[in-house]
Structure formats: C-alpha cells, structure tokens
Amino acid sequence: MSRYILTSMILLQLLASLVQSADTTGNKHHFDVSGSQTIYWGAESLKEFEESIEGQYASIGIPLKVVQSLPATPSLRVRVLRYFPRYSAGAAFSLSGTGGRLHYADYSGSATVDYKISNNSYSLVVRSKNFGNSKIRFHQANQINLKQSVCILTETVEVWDESTSDKLTMESLAYSVEPGVEIEMAVFDGLSFGFYMGADITMYADAFHLPGNKNAKLQFGQGQELKPDWIELNIGLKLIGLSF
Amino acid sequence: MRFTGCLLSLLVLLSCETNFEPSGSNFVEIDTTAQPIVTVNLSMQDTLGLLILDDQVSLSYELEIGNLKLYEVHVTLDDAIIFTGHSRTDNFYYDPNDYSEGNHTLRIEFITSSGRGSIADISGAEGYQFYQEYGILNIRNSFPEPLSILNAAPDQGGLVVSWEKYTRLNFESYSLSSSLPLYTTYLPDDTSFLDPHYIGGEVEYTLRVVTPDGSPYSERFSYQSPPPEMIRFEQLDENSVQVYWSKCRFPTNFGKYIIGAANQSAQYLTNIDDTTATLDQIPFGDYTYVNLSTHPKSQQDTHEYIQGGENLVWVGTNTGHRAQSAVYVPENENLYLTSRWVVGRYDGDSLNLEASYELPTYGTIEISPDGSHIVARENYSISRLDSETLQPVFEPDLAALIGWAPHVRAIAVANDNLLFFAAQPATGPGDLEIFALNTEQGILLDRISKTSPENYVEAMECTAEGDYVVHDYEFLHFDGSQFTRHHNYYNAEFVTFNPEGDYFVYAFLGEPAKLINMATMVSDMTLNSTQAFSPSFDPVTGYLGFYSNQGERYKIYNVETQSTIDHFSATLPTNGAFTLFDNRVISSEGFLRDVNE
C-alpha cells in the first residue's frame, strides 16, 4: 500500500508542476546526462534462485558456489526537463546492467551458471525548484520508472575439452519509484554539472518469463519466481547539464 | 547550438558500455593419488585348478567396489563379449557350443567411476577400468575321445600297461579293465599300471576315460605271454610220473602252482622255482589229465588263475596204435591189432607196424586166434584178408551161396578158414540166419535160423576151433558140417571163450563174472564176486585178464590155480577194451605194459 501512496504523491507532484508557469529565469528546458554507480540491495528472489541452483548442483555432487551476485555496476541516465515556477518535470531514460555467477572448477572441468540482467528504465521525473544561489543549487527529484529487465541465464559444464551450454533468455516488466537529491553547480550560464543520489524502490515487478509469454515463468524451489525485486541505490555524477 | 550539443552528448554517452559480464571462480583442489581397491569373485565349476565351462553353465560374479559407481560389466571369452551387465552381482548362462573347442581366456572387465568427486567423475567422463583374467579355459563341447593303450610289457616282476595321457580337461579318472582275470580298476591320474594279477596267458586290456560327459572305451589291447605249462613227464614206476613245467615269468605276481591229476588231491607249490612234481596213482590204460594252474598272489583265495593247458600223462608204453582187440600169434610173434574197421599187423617185440588195412566203409575186422584167418565184414559183403599183407584176397558171393542178398550183421572167425556169420535179407523183412562158411573154398557149410530173442544182433563169438559159436542168445554147436542148438541163455555180448574152448567167461552186466564149463554149461567159478569188464585170455599163458571196476584195477588171474597173478591201477577207456597177450596188456588207447608174474 505504501508503494502506491508514494507513487501517487509523485504523480501529484508531477501534475502540480505541469499546471504552473515557466521558470522566471528565462530558461525553459533542461537536459542532463548522468553516470551512476548502482548498488543493489535486497533481491530476495534472486538470492533464493542462487541457493536453488546451488542445491541442484549439490544434489549431483558438484559444490557450486556463488562467486558473484549483483555487484555494483555503472548506469547511465538521460533526462529532459521543462522548467516550471516551482518544479521541473520531464522524462528520463536509463540503462543499467548487473548479474552474477555460480561456479565450480577442478582439474577435470568446471560448472558455471551465469546470469546477466540488463535494465532499460523509462521514467517520468519531477524535480523541485532549486534552493541556493546562482552557483549552487539543490534539488529534490522524484521519478516513476517503468523498468524493462532482460535476464540471460547461461549454464555451462565443461569436462576436459568438451563443454555443453544452455542459454535461457527471460524478461520482466516492473515499475518503481526513485526519490533522490541533486546538487547542481553552474559553470556558466546554461551549463552545469553536479551530483545525484537516489534510491530506486521497486513497486511492482513481473516474474521473469520467456519473451512474449508471460505464463512461461521461471520457477524454482517450491514454486518461487525470480523477479527484479531489488532496491537500487544510485550514486551518480551529473556529467553535463544544459539549460536552454 | 545547445540543442546540437545535447544530441551529441546523448549519443556519446549512450554509446558507453553498460553490459555486464559475470566473473569469478571457485577452483577446488582434489586428491588424485588415492587408488581404489576392488575385488572380483567369479563362481564357476573348477576342476584341476582350471576353470571349466560346460554346456549351459551358469556363471556368476560379485564385484566389491566400495563407493564406486559401476557403469558396465563385460565378460569376454577371448575377444568376444559373452555377457554385458550393470550390476555388482549377476549371473548368466553360457553355452560353449557357440565357440570352438580348445583353450580360451575368460576375462571379466568392468568400468567404475573414479570416486574422486571431480566433475569428470560425476559426469562419467572419468573412471577406472578393471579386469581380471582367468587363465586358460577349456571349452569342451564334443564327446570325449577314447585313448589308446600304448604298450604292455613285463616290468618289475609283473606286467606294466601304459597308455597315453588324456590331455583334455574334465578328466576324472582312468578305468582299466582286464580280461584275465576279469576285473576293473580305477586310476586317478596314472598313465601306467602294474597289473598285480597277470601271471601269463592271453589277456585283453580295455581302457576307459571317465569324464562327466561319458567314458569311451579304447580299442582292446592284447598281450600274451606263455603261461606256466607242462613241458614233459617221466614215468617213475608203474603208477607214478614226474611232471615238469615252465616257470612263471612274473615273480611279483606269482602266488602258487596247483597241480594234480584227475580225481587226485592237488599239490600246492608256492615257490616259483618248484616246477616239478610227482604224481602217484596214475592208472594204466588211458590218458590221465593233469591240471596245472597258476594263481596270482593277489587272488590266491579265489578261483582266478591261469590254466597251463590240458596235459596228458600215462603209464606204460604208448604204442600210438589203437587196439580194440589184439590177437597175438606166438609162433611168428605177430600181433594183430584191430580197431573197428582198421587192422594192423605188428612185430610182437618191437611193435613196428608191418602191414595194415582199412575198410573203405563201415564194418568190422575179425581175426582167428591163430592169426591165419582174417575176415573183414561190411554190411553186404565179406572179404578174406591175407594174413601177411592184410589185403583182401577173396570175397565170396554170399547171395549165390545163401540164396538171397544178405545184410551181414555179425561175424565170428575161427581157425582153419571157418567163418560164422549172421545175416538177414538185405531187402524186405526176414529173420536172421546163422551161416557157417569155409572162406578158403567158398563153401557154405551149414545154416540155421535164429530163434532166440534179438538183443545184441551184432555180437558173435566162437571158439578157436569153431566147435561152438554164439550169436546173441543163440548158442550153437558146430561139428564141422552141421549146426545144433546148444543153449539159449548166454548172450554173445558177454561171452569170452578161453583158447582151448572148454569154458568161457560170462561177464554179464551187474553180476559177478562167471566161468562157464562148456560141457555142463554151468558156472564152475565166480571171479571174486566182482564185475568184470573186457575179459581176455592170454593165448600164451592162458591167464585171464579183466578190468574190475571194483577198485578200478586190472587183474590177471590164473584160472587153474584160481589165484591172482598181478593187478594194478587201471582205467578202462570209454567204449574201450583191454587185451591180455604174451604176459602183456594193451588197452584200446594203445597203452602197453607187462604183467608181473
């Protein structure tokens, strides 16, 4: 319920910004590109999925271990905003990718389970009016993200000089909200850079399923489903900000 | 300008790589030096330390491989897989008929996991291949072949039989059978056998190979070694002989000799070098059988022995001339011996044959007591023989003389060419008649019909001078020209006239022999209440000789003094006779001995 309340608040904030007049400074639009380091929290279904894979391999005698699981990865975000008197609002598109590995190797071969997750997020953004002076401005920004995730699961067993590999591609659709703060520093008129930090909280996510067939879900354990249900903490650098 | 910058910035940044590539490893060190220990148990028939396969044999195996995972088991015979399994224990049937007979190698081979726990081990890409071979395997799918006895030869004082070794497997034993004596012995693994029983003679050995699939016989192998046999004998005295025989050639097996004459106690000689023995109480008159048998040491108490052949000994002189009757002529020392249809004239001293004659057909030859008148009788004719040459010199025409063709049944020959004969018509029924004939002149002197009962129609006797003749029960007097009936009680079969013709011996069956006076035709004397056989009078001494079955002795008796001159052990040959002449006795078998007065 709280996720809907939060989402509703951001939508109201966004609606309020649209009905206000333009920025009185003269610039009407803002464009920026950010590079972030994304840290993943949570991801309970993914943890269970990894444990399930470990268990399956353990049952046949291979002590597979998780050697990598959702490491912090860089992400990119592009945002276009329109200035309003009290808010800025616009849209954003971001790219991110993460994944993990379960692995076992000895003198005779190896067993590897890799999963790669790539996320495309389409966002609506509302950002509060800046606080500060003409050099440094602080913003509070909220986003509603429609996240399209693709998970590629690759299972490879290599014995001596022969190997077999299975590859499974799945996809999921989720939406999340991401409240955050920004620090924007003006270089000269119309050009700025700054910092950004936000927490991407998933509100709803589909289970990963085969492309085009939502019913063909990946299940493991006792009917558990794998979902992109983690929380992302994005700590980023606003590389370029253009106001015009 | 700013819009263009925005687009350029966007394109540059979007081109930055954001794909994620998993990384990291988990390498585990595994000990590869440990070697697993496995054992294999294969259960099959095992004979002579080798594995044997037979028809429809069940083979079972058991593998102890610990925690290793068994992938596959192969049992091969040479290079051919005869069984494939996947269990640690299993059994299967095998038919060796599918393979050629001979030696093969049985191998059990199995593949297991390595047990190291490596991913190759788990995936089955790594493992151990174990195998165990079971030496030479003989497949036997044909009937066992018979062996051949190679040799039998004297050795170690016995007879050693040897044969080739049976090289095929499934052998159980040899079985050697002997025919002398008949016995069978089972030999586990020998290829030679010292026969403990063989002491000589002809023996046949048969060897069998005993196997579970049958026991074929070898060809018979014959061996012969002369057994101990009587070589010769010497007469020691009137009734004993010394016999000699060959020594047994198999001292190890020798047990004893047993020698004895018929109806006498046997002698047992256990020394192999004792090859002579004295046999007493050998009767005169016929051959005496001597039994020589040799017994093996192993079977002395049984009846198994080797017979040394039938050996004949005798006492007296073996003249070699059969003599059913003898006529001795002292004047010229001629001895005529007749035996049925053969007659011979011999020198009385040397017994050399000087003349002989044999009738061409069945008949009899009779000789007068003085030897001057010899007549041969055939069924339908009569011939007079020359007393020197013994060749026929005259054959009277009997049909012309008596009026019909006769069937001559009996003759009696007297001195002076006087012949009596009994005949009946050769064709058709007719009564017997008795005729008197002068064979020199061919004149029929008289004839008389036979009126007595017929019993021994071929028996006819007459006195030397021909004054009495008896045929069957017809006792006649003949005065030289005419018959008169004299008596009809005594049968010619049992009548023997003395040379003078004044009495005769009547030796009727089952009764004591009697001397009958011709004048009175009654008995003057009975011969010691004994039954007499083959009585004869010595034409020289007048003694009466006869064989008494009471004590089986031959006795020479002086009728005048009624005393016994001599007597000795004797045996009367079957259907034979003794004849006493010139103080000598000759038997129908040709044995001659002197009378001891």
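The values are calculated or read from the model by the stated rules, or taken from the named source; none is laboratory data. In this text the structure is predicted, and so the values were computed from the model without any measurement. Heads up, the Cβs are rebuilt from the backbone with ideal geometry, glycines too, and the neighbour counts pull from every protein chain shown.
A few points about this structure:
Here's the yes/no breakdown for (1) more than 46 Å from the chain's Cα centre (by Cα); (2) surrounded by fewer than 16 Cβ atoms within 10 Å (Cβ to Cβ):
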residue	(1), (2)
B:Asp349	no, yes
B:Tyr357	no, no
B:Tyr362	no, yes
B:Ser368	yes, no
B:Ala376	no, no
B:Ser387	yes, no
B:Gln391	no, yes
B:Phe394	yes, yes
B:Ile402	yes, no
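- Qualifying residue in the stretch B:237-248 (condition: of a type outside the set (S, T, N, Q), out of contact with any Pro (no Cβ under 7 Å at 6 or more places or on another chain) and under 12 Å from B:Leu159 (Cβ atoms)): no
- Some residue of the stretch A:44-60 being crowded, with 17+ Cβ neighbours inside 10 Å, out of contact with any Leu (no Cβ under 7 Å at 6 or more places or on another chain) and closer than 30 Å to A:Phe195 by Cβ: no
Here is a yes/no grid of residues against (1) facing chain A (nearest Cβ under 9 Å); (2) in contact with a Leu (Cβ under 6 Å, 6 or more places away or on another chain); (3) at pLDDT 90 or above:
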position	(1), (2), (3)
B:Thr18	yes, yes, no
B:Thr39	no, no, no
B:Lys69	no, no, yes
B:Ala80	no, no, no
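- Residue count for the stretch B:501-523, restricted to those that are touching a Gly at 6+ places or on another chain (Cβ under 8 Å) and surrounded by fewer than 18 Cβ atoms within 10 Å (Cβ to Cβ): 0
- Residue in the stretch B:534-542 that is modelled with pLDDT of 90 or more and under 25 Å from B:Gln264 (Cβ atoms) present: yes
- Looking only at the stretch A:88-108, residues that are more than 7 Å from every other protein chain (Cβ to nearest Cβ) and of a type in the set (Gly, Ala, Ser) come to 6 in all.
- The single residue among A:Val66, A:Val126, A:Val78, A:Val113 that is at the interface with chain B (Cβ under 7 Å from one of its Cβ atoms), in a strand (DSSP E or B) and of a type in the set (Val, Ile, Thr) turns out to be A:Val78.
- Hey, A:Val150 farther than 18 Å from A:Leu95 by Cβ and out of contact with any His (no Cβ under 6 Å at 6 or more places or on another chain) or not: no
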